[in-house]
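The block underneath contains the structure these notes are about, expressed in structure tokens.
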Amino acid sequence: MGLAVDTIEGPAFLAPSLINEDYSGMTDADLHVLDLFLSTIPSGWYVVSCTDDEYVGRWHGGWCTLYTYVLHRMC
């Protein structure tokens, strides 16, 4: 059994919630963005960390501050 690693970019403000798996305190709008982000991650992959470097880019039709998230999957 091995570990596959991949990356994906997504809104920076989601990092604490994704990495700590704590979604308390998120607004309905935040949860909507979270759902959009999670829908882009293939089944079986999990967010484990993110880069420290933030950058501005397009995500789902709008501009926002992004991080590169690191994903793991057991294979």
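The values are calculated or read from the model by the stated rules, or taken from the named source; none is laboratory data. This is a predicted model, so every value here is computed, not measured. Every residue, glycine among them, receives a Cβ derived from its backbone with ideal geometry; neighbour counts consider all protein chains shown. Only protein heavy atoms, including side chains, enter the accessible area calculation; ligands, DNA and RNA are left aside. Shrake-Rupley method; radii C 1.70, N 1.55, O 1.52, S 1.80 Å.
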Query - Solvent-accessible surface ranking, highest first, for Arg58, Arg73 at 1.4 angstrom - result: Arg58, Arg73
Query raised in the report: So, with a 1.4 angstrom probe, what is the percent of accessible area on the chain that is carbon and sulfur?
Result: 54
**Report entry** Heavy-atom accessible area order for Phe13, Phe37, largest first, 1.4 Å probe
**Finding:** Phe13, Phe37
Query raised in the report: Say we join alpha carbon atoms closer than 10 Å with springs in a Gaussian network model of the chain; which of Ser49, Ser24, Ser39 then has the biggest fluctuation?
Result: Ser24
Query raised in the report: Could you give the angle, 0 to 90 degrees to the nearest 10, between helix 28-39's Cα long axis and the longest principal axis of the Cα atoms of the chain?
Result: 30
Query raised in the report: Could you give the dipole magnitude of the chain about its Cα centre, charging the beta-carbon of Lys and Arg +1 and that of Asp and Glu -1, in debye to the nearest 20?
Result: 240
Query raised in the report: Taking a probe of 1.4 angstrom, what is the accessible area of Val48 in Å², to the nearest 10?
Result: 60
Report summary line: Computed, not fitted: 222 nm per-residue ellipticity of the chain from DSSP H runs ≥ 4 (each -39500 (n - 2.57)), nearest 500, equal to -7000 deg cm²/dmol
Report task. Might you tell me the accessible area per residue for the chain, computed with a 1.4 Å probe and given in Å²? Result -> 64
Requested in this report: Would you compute, for the Cα atoms of the chain, the largest minus smallest coordinate along each principal axis and list the three values in descending order, in whole Å?
Outcome: 38, 25, 21
